[in-house]
Amino acid sequence: MTLSLVPVKQEQKTKLFSLLQFSLYEESATDGNHINENGYFDYPYFEAYFNDALREAYFIQSDNTCVGMVMLHPYTCQQPGYTIAEFMILPAYRRRHIGYQAALAALGLHPGYWEISPASGSEQAAHFWKSVLQNPPIHDCQFDGETYSFIFA
């Protein structure tokens, strides 16, 4: 299996939006988010991923097949670093260690301080991030009940 993170281009915006909508749909079971009058889940920062050079969005590909997406930015709460704002692996590709490898690949883009807040109320998301963050190259991992903060070296 060959895993890669492929930067999302402007002309691929619709594809990213579709994947994000699926992710927001899954999260709506626990976060109470509702669709808007157009049938979409609102995501106020979506356009910023195409207008703000500091925000990054990637398709997660496994053997040249798009299996998910990751969106990250440097606007952390505590100190200079990065946060994974959105992370999603399509259900058909879960439980194959693709998510684990993709998470490490995303973190490896910017070694240093990171913050990650798993989807509120999602035991699956909490379990996933806990398993990713308990192994090297993760150091000084702290969890305040909502957000993980750590160093990726």
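Overview of results
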{"quantity": "Segment 32-47, residues that are surrounded by 14 or more Cβ atoms within 10 Å (Cβ to Cβ) and not in a loop (DSSP other than H, G, I, E, B)", "calculated": "PHE41"}
{"quantity": "Test result for GLU56, closer than 14 Å to VAL8 by Cα, surrounded by 17 or more Cβ atoms within 10 Å (Cβ to Cβ) and not aliphatic (A, V, I, L, M)", "calculated": "yes"}
{"quantity": "Every residue from segment 62-75 that is part of a strand (DSSP E or B), of a type outside the set (Val, Ile, Thr) and more than 14 Å from the chain's Cα centre (by Cα)", "calculated": "SER62, CYS66"}
{"quantity": "Exclusive hit being farther than 18 Å from ILE116 by Cα, surrounded by 13 or more Cβ atoms within 10 Å (Cβ to Cβ) and touching a residue at least 40 places away in the same chain (Cβ under 8 Å), set LEU20, LEU5", "calculated": "LEU5"}
{"quantity": "Among the residues listed as PHE50, PHE128, the single one being free of Cβ contacts under 8 Å to residues at least 40 places away in the same chain, under 19 Å from LEU24 (Cβ atoms) and in a helix (DSSP H, G or I)", "calculated": "PHE128"}
{"quantity": "Odd one out for GLN78, checked against (1) loosely packed, with under 15 Cβ neighbours inside 10 Å; (2) polar (S, T, N, Q); (3) part of a helix (DSSP H, G or I)", "calculated": "(3)"}
{"quantity": "Residue match in segment 107-125 (condition: modelled with pLDDT of 95 or more and part of a helix (DSSP H, G or I))", "calculated": "yes"}
{"quantity": "Complete set of residues in segment 120-146 that are among the polar types (S, T, N, Q) and either surrounded by fewer than 16 Cβ atoms within 10 Å (Cβ to Cβ) or touching a His at 6+ places or on another chain (Cβ under 9 Å) (or both)", "calculated": "SER120, GLN124, SER131, GLN134, ASN135, GLN142"}
{"quantity": "Single condition ASP42 does not satisfy, out of (1) in contact with a strand residue (DSSP E or B) (Cβ under 6 Å, 6 or more places away or on another chain); (2) over 21 Å from HIS110 (Cβ atoms)", "calculated": "(1)"}
{"quantity": "Members of segment 23-47 that are of a type in the set (Asp, Glu) and touching a residue at least 40 places away in the same chain (Cβ under 8 Å)", "calculated": "GLU26, GLU27, ASP31"}
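The values are calculated or read from the model by the stated rules, or taken from the named source; none is laboratory data. Source: prediction; values computed, not measured. Here Cβ is always computed from backbone atoms with ideal geometry, including for glycine, and neighbour counts include all displayed protein chains.
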